[in-house]
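**Q** Would you mind keeping the following structure in view while I ask a few things?
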Amino acid sequence: MIGVILLSAILLGDTLTTSSQNLDEVVVVSRGQGGKRSTKGQVATIDEHLQELNHVELVRRGSYAWEPMVNNMQTERLSTTIDGMKIFYACTDKMDPVTSYVESSNLQSITLNSGLNGNPQATGNIGGALDLKLRKAGFLHHLDSRDIYKFNANTGYETNGHVQVYGADGAYSSKQFYVNGGAFYRHADNYKAGGSRKVDFSQFQKVNAFVNSGYRLAPNDALEGTFIYDRATDVGYPALNMDVAKAEAFITSLAYKHLFENSIWESWETKGYYNHITHIMDDTTRPDVQIHMDMPGKSWTSGFYSTLTSQFTWLRVPNGVSLNIDGYYNRLFADMTMYPGGAAPMYMVTWPDVGTLNMGAAITDDIRLTDHSTVHLSGKLSWQHQRLNNEEGYKALRVFFPGMHQQYHQTTGRIAANYQLSTVNHQFNIGAGWGSRAPTVTEAYGYYLNNTFDQYDYIGNPRLKNESAIELNTNFNFTILPSFNFSIDANAFFFSNYIIGQFENRLSAMTVGAEGVKVYGNISHATIANTTLSAEWRPVKGLRWQAKGSYSTGRDDEGDYLPLISPFSYQTRLSYATGSLAFQAEVKGNALQSNYGEKYGETKTNAWTVVGLSGSYAWSHIVLRAGVENLFDRYYSTYADWCHIPQKGRNIYVNLSFEL
């Protein structure tokens, strides 16, 4: 069981990253491990690490805090946790996804569970579940003075936008106690798109500090604590009407871990956590602002989870079972004050201080049928209660929904099964699942939230039904030659009561320049399907060629295309490594987006192709990396670039990592 392995690694001082099934993926962030990783190493942003994962795309509203999509589904249909902790963004425009509140120096890896077969703490994960695993020094198994202290330093520079990166962290480990902590700083000016075209309001700066610690109570018992402070300021968003003056997060947790001996039970972990996020939008630096607005948002979350794992044999069949209960209470509040020149300020509550209590129970079972075949089963049931604590926001929504209640509750669940058959040269997976999710706070209770993607104001709908989906997935992996590997990966999601904004012509827009109003509603059904073909060839030692192509489609109940569905995309890499030297050339691009969601305000995106080169040299405890992105300075934007803001033009980067 993955939980047992990871827990054992922490108690014994080892570091290990793995996954519970072959359809899952891991990108490694820290130094010293094999696996997928960004060519920029530990200096790379979290967004650049996420780009290494299959199934993942990123919605970009600026050069900071990109929103992950999994299987062409956005935040509403995903679960994103940090070491199992639930965290909820505080911005009504999704400027601050959960992934924006950590840094590479504090991460060991990012794991992805595609689709409904999510990690035990995941809730509402129809599209998938991301868990950002923190890097912890761990206890020493044998006292060795060479391993007691560690120090790392990273620095980097990028020419496009004059990006500067500085980071340092240190660690102390003994058999009884460990602690590691550090700080990271990023600063970027406005970047330039292809052809040296400046993109205004794309600057940002950020500081992140963290401490992880552990204390061994007994040989098989330990306490672990985590504290993260993250603060981003002067963050520009060229695709939006406003920027961010401050995005600040406090994240804390305390966990108890126990390993059993001579028992069918293997491990028990219980964690309590609390986090508080403050997000303040700002338009004071924008020219020609007709009406100045203040738009702060806040999120508070406290929660826990407790996971018990077991290994036993039943009817001569080995089983690895994990039982998990978790719960959290979250409050979301956002408001807006408008200051029209010469008139009294106007005030509006956009998130009416919604308190959400969620309790869930999950079970997974890995059943080894034979030496070559396994079945993975998982399920979760959750109960949720919500209350609108702000009276003014509640009464404003009642104007549109007479008779609505101040409190609501929902029950959601998911169940999934996966069968895997492995032989010497082949691997076959097939799986299915069903899951449901409750409407988000924005979808159920949002009040006149402007969406610059389609230029409509959005209003939530407290009468929404739960959305549900059936997932089918399969994966074939063939080793045709010892040096050549080929795989096919496909999935399809069949939705019922799909939630999406619908036109409401009886209402007038409130935002200056908005084209109208949409109210969230359920449509009877929708479909999203994804297919990826990939290949890898290693003709000689050190030389590796990789290639993949992906195609996706999404349609609503009337056969119209859904928005933000990727067109055909492709990527190929040629890399060579010998001794301390490594080189890589990459070509990636998208085809013309001809099947776009015109009905939902989406416009066509042109085809594009870019080329990148990178290299690294390692000696002793130092690693030097350098490269160039968008080598030919192509001017382009992707389908996921909000309002078609252009990507960076040619960008030369260099970074240095030092470990002692």
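**Q** Tell me which residues, restricted to segment 235-279, are of a type in the set (D, E, K, R), over 16 Å from ALA65 (Cβ atoms) and in contact with a strand residue (DSSP E or B) (Cβ under 8 Å, 6 or more places away or on another chain).
**A** Of everything in segment 235-279, those that are of a type in the set (D, E, K, R), over 16 Å from ALA65 (Cβ atoms) and in contact with a strand residue (DSSP E or B) (Cβ under 8 Å, 6 or more places away or on another chain) turn out to be LYS257, GLU266, GLU269, LYS271.
**Q** Given the structure, is GLN546 within 25 Å of the chain's Cα centre (by Cα), more than 26 Å from TYR635 (Cβ to Cβ), modelled with pLDDT of 95 or more and not in a loop (DSSP other than H, G, I, E, B)?
**A** Criteria met by GLN546.
**Q** Can you tell me how many residues in segment 555-593 are in contact with a Pro (Cβ under 8 Å, 6 or more places away or on another chain) and under 21 Å from ASP489 (Cα atoms)?
**A** 2
**Q** Also, quick follow-up: Any idea which residue in segment 113-139 is nearest to the chain's Cα centre (by Cα), counting only those that are of a type in the set (A, V, I, L, M, F, W, C) and either closer than 26 Å to TYR445 by Cα or modelled with pLDDT under 95 (or both)?
**A** The residue in question is LEU130.
**Q** Quick one: ILE363 ticks every box in (1) touching a strand residue (DSSP E or B) at 6+ places or on another chain (Cβ under 6 Å); (2) among the aliphatic types (A, V, I, L, M); (3) surrounded by fewer than 17 Cβ atoms within 10 Å (Cβ to Cβ); (4) over 30 Å from ALA492 (Cα atoms) except a single one, so which number is it?
**A** (4)
**Q** Exactly one condition in (1) over 19 Å from SER657 (Cβ atoms); (2) at pLDDT below 95; (3) crowded, with 16+ Cβ neighbours inside 10 Å is false for GLY161; which is it?
**A** The one condition GLY161 does not meet is (2).
A quick yes/no check of all residues on (1) under 22 Å from the mean Cα position of the chain (by Cα); (2) assigned to a strand (DSSP E or B); (3) among the charged types (D, E, K, R):
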{"site": "SER550", "(1), (2), (3)": "yes, yes, no"}
{"site": "GLU558", "(1), (2), (3)": "no, no, yes"}
{"site": "PRO563", "(1), (2), (3)": "yes, no, no"}
{"site": "TYR570", "(1), (2), (3)": "yes, yes, no"}
{"site": "TYR576", "(1), (2), (3)": "no, yes, no"}
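**Q** Give the residues of segment 168-217 that are of a type in the set (D, E, K, R) and part of a strand (DSSP E or B), sorted by residue number.
**A** ASP169, ARG186, LYS192, ARG197, LYS198, LYS206, ARG216
**Q** Separate question: Collect the residues in segment 563-614 that are farther than 27 Å from LYS40 by Cβ and free of Cβ contacts under 8 Å to residues at least 24 places away in the same chain, keeping them in residue-number order.
**A** Result: LYS604, single match.
**Q** For segment 107-122, which positions are β-branched (Val, Ile, Thr) and crowded, with 24+ Cβ neighbours inside 10 Å?
**A** The answer is ILE110, and nothing else.
**Q** Looking for whichever is aliphatic (A, V, I, L, M), more than 26 Å from VAL165 (Cα to Cα) and crowded, with 16+ Cβ neighbours inside 10 Å here; the options are ALA591, ALA607, ALA626, ALA582. Which one fits?
**A** ALA591
**Q** Now, a different point. Looking only at segment 503-523, decide whether some residue is more than 30 Å from ASP457 (Cα to Cα), without any contact (Cβ under 8 Å) to a residue 40 or more places away in the chain and assigned to a loop (DSSP other than H, G, I, E, B).
**A** Within segment 503-523 (the criterion being more than 30 Å from ASP457 (Cα to Cα), without any contact (Cβ under 8 Å) to a residue 40 or more places away in the chain and assigned to a loop (DSSP other than H, G, I, E, B)), the answer is no, since none of the residues qualifies.
**Q** While we're looking at this one, here's another question. Only one of SER552, SER594, SER580 is at pLDDT below 95 and under 30 Å from GLY115 (Cβ atoms). Can you tell me which?
**A** Testing whether each residue is at pLDDT below 95 and under 30 Å from GLY115 (Cβ atoms) leaves just SER594.
The values are calculated or read from the model by the stated rules, or taken from the named source; none is laboratory data. If you're wondering where the values come from, they're calculated on a predicted model, not measured in any experiment. Methodologically, a virtual Cβ is constructed for each residue, glycine included, from the backbone with ideal geometry; neighbour enumeration extends over all protein chains shown.
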